[in-house]
Amino acid sequence: MATETLAGAGAAGGDTNNKVSSENCAEEKLRWTLSDFDIGKPLGRGKFGHVYLAREKKSNHIVALKVLFKSQLKQSQVEHQLRREVEIQSHLRNPNILRLYGYFYDQTRVYLILEYAAKGELYKELQKCKYFSEKRAATYVASLARALIYCHGKHVIHRDIKPENLLIGAQGELKIADFGWSVHTFNRRRTMCGTLDYLPPEMVESVEHDASVDIWSLGVLCYEFLYGMPPFEAKEHSDTYRRIVKVDLKFPPKPIVSASAKDLISQMLVKDSSLRLPLHKLLEHPWIVQNADPSGIYRG
Ligand code: AMP
């Protein structure tokens, strides 16, 4: 069945460039091409190209097709990063991680076949609401913690958790969407990456880091969900940098946030990365237990 073809493409021996015909699984491998898809409305514009709603013709499977221009990828020297992103994301299977079904390319463009996130960008939702209720924030944080536990179990560190990299699926579930800065690793790393506001002290200071960078970023995200702005925000980059390194964490009086939420954030935003609350403990924290919907879906 063609649906299985699309869904199984990433799983076919990890070769995301090929689709496997289920009628002749053993031998026949076909490349995806643009003619396999009906192209629909534009969903958005990114730094390197456009994203369109699309339908795979044989299966009627709805996807998001991301079209990237090779010239721009080359100019920005991100081909290697894209390759890594595709390699990592195509192997991940978790309800809170956006599926990457496969890719193909022509002379000028690279196409990524992505799961369609029907409710769009979390960032816009947060802008609209200014900040989220504790129940909504806790539901999202718990679902992301579960997705990150899954990634870390596969030795994948995301390294760029922030609202702009999160999409919302049809049921209202969060989907981690951008693995551009992620890394598959068994060692501690030194690279500086991600956006300043969400960077942990060890990355700001370019010392070695490990999977606990994602605990820090999830703490920053939890704060932004509840207060509508990241905790170390400042006018100048240098001030944000200084506030992160000092862990200059302050909780404004408004909006009113429970002591339990603040306790959780304080246990995640810890300078010594080995002392950050492990993600499985986060799931047992009273604030999560009392507020998060176990389904991972926020129902308004
Ligand atoms: P990006 O190039 O990944 O930044 O994507 C540009 C925009 O396209 C995003 O900000 C979203 O609004 C939209 N978009 C990207 N991927 C998807 C997707 N899988 N499902 C729905 N919308 C998407």
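The values are calculated or read from the model by the stated rules, or taken from the named source; none is laboratory data. Owing to the predicted nature of the structure, the values given are computational and were not obtained by experimental measurement. Every residue, glycine as well, gets a Cβ built from its backbone with ideal geometry; the counts of neighbours run over all protein chains shown. Areas reflect the complete protein model, heavy atoms only, side chains present, ligands, DNA and RNA absent. Shrake-Rupley method; radii C 1.70, N 1.55, O 1.52, S 1.80 Å.
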Notebook entry, point to check: Within the stretch 57-90, can you find the residues that are open to solvent by 70 Å² or more (accessible area, probe 1.4 Å) and in contact with a Gly (Cβ under 9 Å, 6 or more places away or on another chain)?
Noted result: Ile62, Glu87
Next item on the list: Given the conditions (1) within 15 Å of the ligand (Cβ to nearest atom); (2) open to solvent by 60 Å² or more (accessible area, probe 1.4 Å); (3) closer than 19 Å to Arg55 by Cα, report the number of the one that Lys128 does not fulfil.
Entry: (3)
Notebook entry, point to check: Hey, Phe225 hits all of (1) over 12 Å from Leu196 (Cβ atoms); (2) open to solvent by 30 Å² or more (accessible area, probe 1.4 Å); (3) part of a helix (DSSP H, G or I) but one; which does it fall short on?
Noted result: (2)
Checklist line | Enumeration of residues in the stretch 25-60 that are in contact with a helix residue (DSSP H, G or I) (Cβ under 6 Å, 6 or more places away or on another chain) and either at pLDDT below 90 or within 13 Å of the ligand (Cβ to nearest atom) (or both) | finding: Phe48
Item checked: Qualifying positions in the stretch 131-171 - open to solvent by less than 40 Å² (accessible area, probe 1.4 Å) and in a loop (DSSP other than H, G, I, E, B) -> Phe132, His158, Arg159, Asp160, Ile161, Lys162, Gly169
Check: Of the residues Ser274, Ser206, which is of a type in the set (Gly, Ala, Ser), under 22 Å from His155 (Cα atoms), touching a residue at least 40 places away in the same chain (Cβ under 8 Å) and open to solvent by 10 Å² or more (accessible area, probe 1.4 Å)?
Finding: Ser274
